[in-house]
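**Student:** Pasting in a structure now, in structure tokens, and then I'll have a few things to ask.
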Amino acid sequence: GLVSMASMMSMGPMAAAGPAQATLASVLTRVVGSTTNAQFAAMFPTLVTPAPFVFLVWPTIAALQLLTVTVSAIYPSDEEEILTQNDLSALTIANLCSTAWLISSSNAMTGSLPIGSFLILPLVPIFSGYTLRNKPQYILWAYQLFSSFTTIASILAFTVELQHGGRIPLIGKLTAEAAACVFLSLYSAVTLGVKQKSGVKRVINVFALTGILVRRIGDVMTGGSSLLASIGSLLLSVSFLGSIGCWYWSLKELFSKQTS
């Protein structure tokens with residue numbers, strides 16, 4: 001939680017002026033660089049990067065995890081544990097991977113994209129979704145939110161690598177439009193195309209895609225072109241039209257009954 005909140009701050013924990021004072025927060029977040037989520041998005045922009053408000057999910061995830069673990073420890077069930085030892089182990093590994101990714105991305109610099117930003121993050125939804133794949137007796141919102149959001153973030157990290165890193169063999173660097181289309185294709189297959197989705201996952205889908213559209217429209221409208229030219233450029237963009245299609249798909253699913 002401290003690491004994720006440090007990455008949301010306007011300055012890194014080590015960038016503050018004045019004599020350093022050893023506190024619990026400073027010790028735990030000492031390796032976090034000065035690059036915030038907003039700065040990372042500005043250094044490595046894509047056509048599918050969500051608006052800043054979407055990344056406020058990170059502190060929510062941390063709070064829900066703390067609440068879930070606390071309830072599991074204080075109110076153990078006589079019939080079945082809320083969180084088994086295997087669940088806790090998987091959650092610990094997921095958080096370690098998430099922390100490693102946040103540290104890696106917070107040390108990014110202009111023209112220097114850490115390779116760990118897309119290699120580490122996919123491990124998070126794999127481990128955080130362990131309990132969900134075992135069909136738990138209890139509704140674990142913390143796991144659902146953690147797994148759903150980091151799945152989207154993993155696809156976005158891959159998209160950033162495609163557009164700015166160019167280190168994937170046989171692919172190299174793609175244009176912004178091509179990279180965005182790859183994101184939408186993977187997102188549709190991995191997230192939207194799944195038949196059985198939790199309510200949390202459906203809400204996150206709408207939330208993330210709304211953030212993508214808000215940022216995309218905002219960037220074009222503030223780009224200095226006329227209103228007519230801005231609208232025209234959006235309507236001629238395959239990735240923008242695809243984003244609208246995915247957003248409509250997710251919104252429709254939010255109010256639809258799930259079928260097996």
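Read-outs: derived from the displayed coordinates by stated rules, not from any lab. Note that this is a predicted model, so its numbers are computed, not measured. Here the Cβ is made from the backbone with ideal geometry for all residues, glycine too, and neighbour counts use every protein chain on show.
**Student:** I'd like the GluC sites (Glu not before Pro) in the stretch 31-114 restricted to DSSP loop residues with at most 14 other Cβ atoms within 10 Å, sorted by number. Show your work: numbers first, answer last.
**Tutor:** Details: sites: Glu79, Glu80, Glu81; in loops: Glu79, Glu80, Glu81.
Hits after loop and neighbour filter: Glu79, Glu80.
**Student:** Hey, another quick one. Can you list residues whose amide H is under 5 Å from Val194's amide H, if they're 5+ apart or on another chain and H is modeled 1.01 Å from N?
**Tutor:** Here nothing satisfies the definition.
**Student:** Report the trypsin sites (Lys or Arg not before Pro) located in the stretch 202-260 that are in a DSSP loop and have at most 15 other Cβ atoms inside 10 Å of their Cβ, or state none. Don't jump to the answer; show the numbers that get you there.
**Tutor:** Working: sites: Arg202, Arg215, Arg216, Lys252, Lys257; in loops: Lys257.
Passing both the DSSP loop test and the Cβ count: Lys257.
**Student:** Using alpha carbon centroids, what distance separates the stretch 78-128 and the stretch 232-252, in Å?
**Tutor:** So the two Cα centres are separated by 30 Å.
**Student:** Karplus couplings for the stretch 48-54 from phi (6.51 cos²θ - 1.76 cosθ + 1.60, θ = phi - 60°), rounded to Hz, Gly and Pro as x?
**Tutor:** 3J(HN,Hα) across the stretch 48-54, in whole Hz: 10, 6, x, 5, x, 4, 5.
**Student:** Then there is this: Show the residues, 5+ positions off or on another chain, whose built amide H is closer than 5 Å to the amide H of Leu174.
**Tutor:** Gln163
**Student:** Now for a different question. Can you work out the Karplus-derived ³J(HN,Hα) for every residue in the stretch 155-165? Use 6.51 cos²θ - 1.76 cosθ + 1.60 with θ = phi - 60°, whole Hz, and x for glycine or proline.
**Tutor:** Here the 3J(HN,Hα) series is 5, 5, 4, 5, 5, 4, 5, 4, 7, 10, x Hz.
**Student:** How are the alpha carbon pair distances in the stretch 92-214 distributed across 10 Å bins from zero to the largest one, expressed in percent?
**Tutor:** Final binned percentages: 12, 41, 35, 11, 1.
**Student:** Which ³J(HN,Hα) values, rounded to whole Hz and listed in residue order, are derived for the stretch 172-180 from phi using the Karplus coefficients 6.51, -1.76 and 1.60 in 6.51 cos²θ - 1.76 cosθ + 1.60 with θ = phi - 60°, glycine and proline given as x?
**Tutor:** x, 8, 10, 5, 4, 5, 5, 5, 5
**Student:** Moving on. Which trypsin sites (Lys or Arg not before Pro) from the stretch 131-191 combine a DSSP loop assignment with at most 16 other Cβ atoms within 10 Å? If you can, show how the numbers build up before the last one.
**Tutor:** Values: sites: Arg133, Arg167, Lys173; in loops: Arg167, Lys173.
In loop regions of the stretch 131-191 (DSSP not H, G, I, E or B), the sparsely surrounded trypsin sites (Lys or Arg not before Pro) are Arg167, Lys173.
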